[in-house]
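Reviewing the structure listed below.
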Amino acid sequence: MNNKVVIVGCGNVGMSYAYALLNQRSVVSDLVLIDINTEKAKGEAMDLNHGLPFGPSKINIYQGNYEDCRDAKMVVLAAGANQEPGETRMDLIYKNSVIFKSIVTEVMKSGFHGIFLIATNPVDVMTYLTWKYSGLPVKQVIGTGTILDTARLRYLIGDHLKINSKSIHAYVMGEHGDSEFVPWSLACVGLESIDKYLTKEEQEQFYVKVRDAAYEIIEKKGNTSYGIGMSMVRITNAILGDENTILAVSSYDENNQVFIGGPTILNHEGVKKRIFIDLTSEEEAKLQKSIEIIQDAISKIEL
């Protein structure tokens, strides 16, 4: 079965994704690495291949070019400028919009008709631009959105309560950025309301920790990579495994004409359905603020 995945961008995020993919059982048949630094891509492919004897799956890993995208099931975009200490994700918009126009144009020249997965920040805006530049249906363009923020939230609450994070049912929604929010009204531990476990003050504290996590990590180690790499593998497996799994990714909200983080059903077609949930009036206002920030950012870019 041809389940080729192409990674564009062999930096910290792209290679953390590749390494996580190598270490998990998956149906990926070929993993192609593309980078402006072709020697780095070749070296990364060699290094990854040397781990295959201990990996759970056989994957054909090699350095390639944009022509390899022609028959790929997924093209994963992890290229772009890094977020520097003190810099917001939105500060990257002008640098990365120029880079993306070139990359997406080259991918589409190959005849690619698969699914784009975007990890480059500001991810909601970059996902929108990928859709515009590619001309693909919205269901075939997906951003990592708030999947990592959701994972951070579940980890922190689970660690605090000494309950497996897989039993924490809560999402982060909105922009993958400073305006993201947690719909606490729908958050549960098992089947019980989160209010039975956390006070309103504690809920706010966890939200702030999640919102500011990337800034803290970047300040300490220079980049975030492992968490997003694992998150990207989860999305990949949901798509290639035709799972119909609900994940908090950046998908298209046709009412507001933006890509924004929220619960979305993923399968082999990409987005099967974006789930629009009932929010409180306060949560609706936070979502609207996120939407307006993304819309404003997009309006400043020359498509």
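Could you list all residues from segment 143-178 that are surrounded by fewer than 19 Cβ atoms within 10 Å (Cβ to Cβ), in a loop (DSSP other than H, G, I, E, B) and in contact (Cβ under 8 Å) with a residue 40 or more places away in the chain? Write out each step before concluding.
Quick first cut of segment 143-178, residues surrounded by fewer than 19 Cβ atoms within 10 Å (Cβ to Cβ) only: 155-156, 158-167, 169, 178.
Pick out the ones that are also in a loop (DSSP other than H, G, I, E, B) and you get 162-164, 178.
Within segment 143-178, just ASP178 meets the criteria.
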Subject >> First in segment 194-216 and within 27 Å of GLU84 (Cβ to Cβ), second anywhere and of a type outside the set (Phe, Trp, Tyr) and not in a helix (DSSP H, G or I), Cβ under 6 Å, 6 or more apart >> reply: TYR207/VAL182; ALA214/THR224
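Inspect segment 187-206 for any residue being among the hydroxyl-bearing types (Ser, Thr, Tyr), outside any helix (DSSP H, G or I) and modelled with pLDDT under 95 and give the result as yes or no.
Kept after step one, since they are among the hydroxyl-bearing types (Ser, Thr, Tyr), are these residues of segment 187-206: 193, 197, 199.
When the remaining residues are screened for being outside any helix (DSSP H, G or I), the result is 193, 197, 199.
Filter once more, so that each one left must be modelled with pLDDT under 95: none.
No - not one qualifying residue is present in segment 187-206.
Do we find a residue being in contact with a Ser or Thr (Cβ under 9 Å, 6 or more places away or on another chain) and either surrounded by fewer than 17 Cβ atoms within 10 Å (Cβ to Cβ) or among the hydroxyl-bearing types (Ser, Thr, Tyr) (or both) anywhere in segment 242-249?
Residues of segment 242-249 in contact with a Ser or Thr (Cβ under 9 Å, 6 or more places away or on another chain): 246-249.
Still in the running and either surrounded by fewer than 17 Cβ atoms within 10 Å (Cβ to Cβ) or among the hydroxyl-bearing types (Ser, Thr, Tyr) (or both): 246.
Yes; the residues of segment 242-249 include at least one that is in contact with a Ser or Thr (Cβ under 9 Å, 6 or more places away or on another chain) and either surrounded by fewer than 17 Cβ atoms within 10 Å (Cβ to Cβ) or among the hydroxyl-bearing types (Ser, Thr, Tyr) (or both).
Do we have any residue at all in segment 131-142 that's surrounded by 22 or more Cβ atoms within 10 Å (Cβ to Cβ), touching a residue at least 40 places away in the same chain (Cβ under 8 Å), within 22 Å of VAL182 (Cα to Cα) and within 18 Å of the chain's Cα centre (by Cα)? Full working, then the answer.
Residues of segment 131-142 surrounded by 22 or more Cβ atoms within 10 Å (Cβ to Cβ): 141-142.
Filter once more, so that each one left must be touching a residue at least 40 places away in the same chain (Cβ under 8 Å): 141-142.
Restricting the remaining residues to those that are within 22 Å of VAL182 (Cα to Cα) gives 142.
Still in the list and also within 18 Å of the chain's Cα centre (by Cα): 142.
There is at least one residue in segment 131-142 that is surrounded by 22 or more Cβ atoms within 10 Å (Cβ to Cβ), touching a residue at least 40 places away in the same chain (Cβ under 8 Å), within 22 Å of VAL182 (Cα to Cα) and within 18 Å of the chain's Cα centre (by Cα).
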Original post:
Which of (1) surrounded by 22 or more Cβ atoms within 10 Å (Cβ to Cβ); (2) within 26 Å of ASP212 (Cβ to Cβ) is the odd one out, the single condition ALA81 does not satisfy?
Top reply: (1)
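Whether any residue in segment 90-102 is in contact with a Leu (Cβ under 7 Å, 6 or more places away or on another chain), of a type in the set (Ser, Thr, Tyr) and modelled with pLDDT under 95 is what I want to check. Give the steps one after another, and end with the answer.
Going through segment 90-102, the residues in contact with a Leu (Cβ under 7 Å, 6 or more places away or on another chain) turn out to be 97, 100.
Within this subset, residues satisfying the condition of being of a type in the set (Ser, Thr, Tyr) are 97.
Checking the rest, the ones that are also modelled with pLDDT under 95 come to 97.
Yes, some residue in segment 90-102 is in contact with a Leu (Cβ under 7 Å, 6 or more places away or on another chain), of a type in the set (Ser, Thr, Tyr) and modelled with pLDDT under 95.
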**OP:** Can you give me the number of residues within segment 253-272 that are in a strand (DSSP E or B) and under 20 Å from SER299 (Cβ atoms)?
**Re:** 5
Subject >> Candidates TYR66, TYR62, TYR94 - the one that is within 18 Å of MET1 (Cα to Cα) and assigned by TED's automatic domain parsing to the domain that holds VAL13 >> reply: TYR62
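So, of the residues in segment 12-37 that are under 15 Å from the mean Cα position of the chain (by Cα) and not polar (S, T, N, Q), which turns out to be farthest from GLY64 (Cα to Cα)?
Residues of segment 12-37 under 15 Å from the mean Cα position of the chain (by Cα): 12-18, 20-21.
Within this subset, residues satisfying the condition of being not polar (S, T, N, Q) are 13-15, 17-18, 20-21.
Details: VAL13: 18, GLY14: 14, MET15: 15, TYR17: 17, ALA18: 14, ALA20: 20, LEU21: 18 Å.
Per the stated criteria, the residue is ALA20.
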**OP:** Run down LYS273, LYS220 and say which single residue is more than 14 Å from the chain's Cα centre (by Cα), more than 20 Å from VAL138 (Cβ to Cβ) and not assigned by TED's automatic domain parsing to the domain that holds LEU22.
**Re:** LYS220
Original post:
Between residues in segment 91-113 that are surrounded by 12 or more Cβ atoms within 10 Å (Cβ to Cβ) and residues that are charged (D, E, K, R), which pairs lie under 8 Å by C-beta distance while being six or more apart or on different chains?
Top reply: ILE93/LYS300; SER110/GLU67; SER110/ASP68; SER110/ARG70; PHE112/ARG70
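The values are calculated or read from the model by the stated rules, or taken from the named source; none is laboratory data. Computed from a prediction, not measured in an experiment: that's the story for all the values here. No Cβ is skipped: glycine too gets one built from the backbone with ideal geometry, and neighbour counts run over all protein chains shown.
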